[in-house]
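S.K.: The structure is given below, and queries will be raised subsequently.
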Amino acid sequence: MFFSANLKNFFVDFGEHALLLARTSKPNPPFVVEEIIECAPGDEAALAEAIKRLQSSKSPSGYLHAVCGINSARRVARKIVFEVKRLKESGYLNEATSQQLRIEPDQYTLALLNPGTGLDYDLAKATQKEAFICGLPISDINLSQDNLLASGVYPERIELSTVASLGAMVDYLAYAKIKTPVLVLEIEAESTNSYIVTASGVETSRPIQQGLESMIPVVQKELGLKDEDSARKLFFSNTFDFTGMGSTLIKKLVKELQSSIGFYEVQTGQSIGQVACTMLPSKLSWLEGSIAADLGVSVLKADVAGWLQSRQITLGDSITASAQDVRRLGLFGLMVQYNNHAVVPEKKQ
Amino acid sequence: MLSSLKKNSDKSAVVVPAWHPNFRNVERLPDTKVVRTSFFINGVAIFLAVSLAIYTVYREMALQTLKTETAEAKVAIAENKPKSDQAVALFKKFTDEEKKVQALQQFLTSSKIVFSEFLLQLGASLPPATVITNIDYKDTGVILSGNIIGSAEEASGKSIIYVESLKKNPAFSAVFGDIALTNIARDPISGQLRYQIDLKLKTSPQPPAKGENK
């Protein structure tokens, strides 16, 4: 109890379409990712089995102590603009947040980051007018936390998978020396979060009210199905080749994206080079190619293993190449420790 | 408040890693520490307290036992005191009488010779024309001093013969280990020969000759 060295560390990424659990050889880099297990979300039995397989002997507390990445439909992960001079005004930040994000800040747990470095935004110095704000409702945090505990997972940290993914993408682009911006898309059921990311940080963010569900009526119409449920089952089953009608399905989404991309390109003079969809279920991975084709860009093929190696993280032999794609950036992003962290002075109330 | 909301929920993070804001609500987490530090502190404290208590009880019991034994001893003393006083008085008397006896015994045993007998034997052994003028008794022996009447040659011969006769005398040889003529000189006034004979007592006391200690 006192002298046993619990060297292993665990990471759990609760994605919308997949639950990823990983075991590493040590808590801090350099370490080896020994095993990654994927479960369907909501499958308690599979999760329990995965925990049992990952953790050969139970910890004294009975929990799997893990760094957790979660997602919430009501999460926020966006760039926010404010007047630097007014930052010192009491209540200004809440007001700006409320106006731009249309949320009640008092009901949220939020973090303000520097969009370039990912570090805490220093309100005292306040040199930049843009910040990256992320967070989720307190009730969602509590619910997620309770669900984690009920599942046998004790959260050592609870982070947003989105933030972990974006941080990983920024770092990857710097590692791969990719100078062109990448469009990162989190396509969910009801909405899509789009980010333009470069090696310098998160350039833009925009939520789009087009998601996978918006494609279902198109599928039903195109295939002449009797109802949306049938269309939904077919759409998510991957038994039908939808690539032919891909453009039709994503038309509205692409239109919105083109608008954002065009605005960015005009402002910065930089063109988007690649697209990466970090949240697509594996059965809908073809959507990434369709979106890239319609936008006239390529799909980002990330050398995840090489990037992790540069961060002193080695993938074990049991981890297949197929497991090393951008959909796992959230999980790997939880593991990577970026060296540019600093001590932040205590925030004033 | 925006920026403090996250910090309040997890007060552990002052050093915030990049791209890793922590939204954990520590207050709602269960206590997973299997054995709390306070358990050990309390355990050690209780152990010390119990040990001290046991030690105190042990010492108290030992003290009670001592007190009981002391009381019993006092009762025994009180009961035996008259007899003890008597015994002490008798012992004092005994020691007083013993002193007398010891003094007597010392007197009787300290002297290695019986003077009366010694004088009689000395007188009997005295040859003619030999006079004893001084008998000096010491712890180590006797020194006889006297005169011998006669010419120088006769007197010196007589002195030697006298010494030989003393050596051969059983009464003296039993008591004295060494008998020697230590000085011989002529007195010019009287013309007599002065002599001095040393009789050294034997080192271990010899039982007195028969009839000497009566």
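S.K.: Would you confirm whether any residue within the range B:86-105 is within 30 Å of B:L144 (Cβ to Cβ), within 30 Å of the chain's Cα centre (by Cα) and open to solvent by 60 Å² or more (accessible area, probe 1.4 Å)?
M.R.: Yes - at least one qualifying residue is present in the range B:86-105.
S.K.: Within the range A:11-37, which residues are under 18 Å from the mean Cα position of the chain (by Cα) and in contact (Cβ under 8 Å) with a residue 40 or more places away in the chain?
M.R.: A:F11, A:V12, A:D13, A:F14, A:G15, A:E16, A:H17, A:A18, A:L20, A:L21, A:A22, A:I36, listed by residue number.
S.K.: Based on this model, can you work out whether A:K221 counts as of a type outside the set (A, V, I, L, M, F, W, C), assigned to a helix (DSSP H, G or I), away from chain B (no Cβ under 12 Å) and surrounded by fewer than 20 Cβ atoms within 10 Å (Cβ to Cβ)?
M.R.: Against the criterion (of a type outside the set (A, V, I, L, M, F, W, C), assigned to a helix (DSSP H, G or I), away from chain B (no Cβ under 12 Å) and surrounded by fewer than 20 Cβ atoms within 10 Å (Cβ to Cβ)), A:K221 qualifies.
S.K.: Further question: Given the condition aliphatic (A, V, I, L, M), at pLDDT below 90 and closer than 24 Å to A:E186 by Cα, answer yes or no: does some residue in the range A:20-30 qualify?
M.R.: No, every residue in the range A:20-30 fails to be aliphatic (A, V, I, L, M), at pLDDT below 90 and closer than 24 Å to A:E186 by Cα.
S.K.: Report yes if A:A176 is more than 14 Å from chain B (Cβ to nearest Cβ), over 30 Å from A:T248 (Cα atoms), in contact with an Asp or Glu (Cβ under 8 Å, 6 or more places away or on another chain) and open to solvent by 10 Å² or more (accessible area, probe 1.4 Å), otherwise no.
M.R.: When the stated conditions are applied, A:A176 passes them.
Each row is one residue, and each column tells you yes or no for (1) outside any helix (DSSP H, G or I); (2) open to solvent by 30 Å² or more (accessible area, probe 1.4 Å).
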{"position": "A:A22", "(1), (2)": "yes, no"}
{"position": "A:N28", "(1), (2)": "yes, yes"}
{"position": "A:V32", "(1), (2)": "yes, yes"}
{"position": "A:E38", "(1), (2)": "yes, yes"}
{"position": "A:G42", "(1), (2)": "yes, yes"}
{"position": "A:A45", "(1), (2)": "no, yes"}
{"position": "A:I51", "(1), (2)": "no, no"}
{"position": "A:S57", "(1), (2)": "yes, yes"}
{"position": "A:P60", "(1), (2)": "yes, yes"}
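S.K.: Given the residues B:K81, B:K99, B:K92, B:K74, which is the only one that is under 30 Å from B:T203 (Cβ atoms) and of a type outside the set (S, T, N, Q)?
M.R.: B:K99
S.K.: Another question, then. Please list, ordered by residue number, the strands (runs of 3 or more DSSP E) wholly in the range A:73-159 having 1 or more residues that are crowded, with 21+ Cβ neighbours inside 10 Å and more than 11 Å from chain B (Cβ to nearest Cβ).
M.R.: Qualifying strands (runs of 3 or more DSSP E): A:76-81.
The values are calculated or read from the model by the stated rules, or taken from the named source; none is laboratory data. On a predicted model such as this, the values are computed, not experimentally measured, just so you know. Methodologically, a virtual Cβ is constructed for each residue, glycine included, from the backbone with ideal geometry; neighbour enumeration extends over all protein chains shown. These area figures cover heavy atoms from the full protein model, side chains too; ligands, DNA and RNA do not enter into them. Shrake-Rupley method; radii C 1.70, N 1.55, O 1.52, S 1.80 Å.
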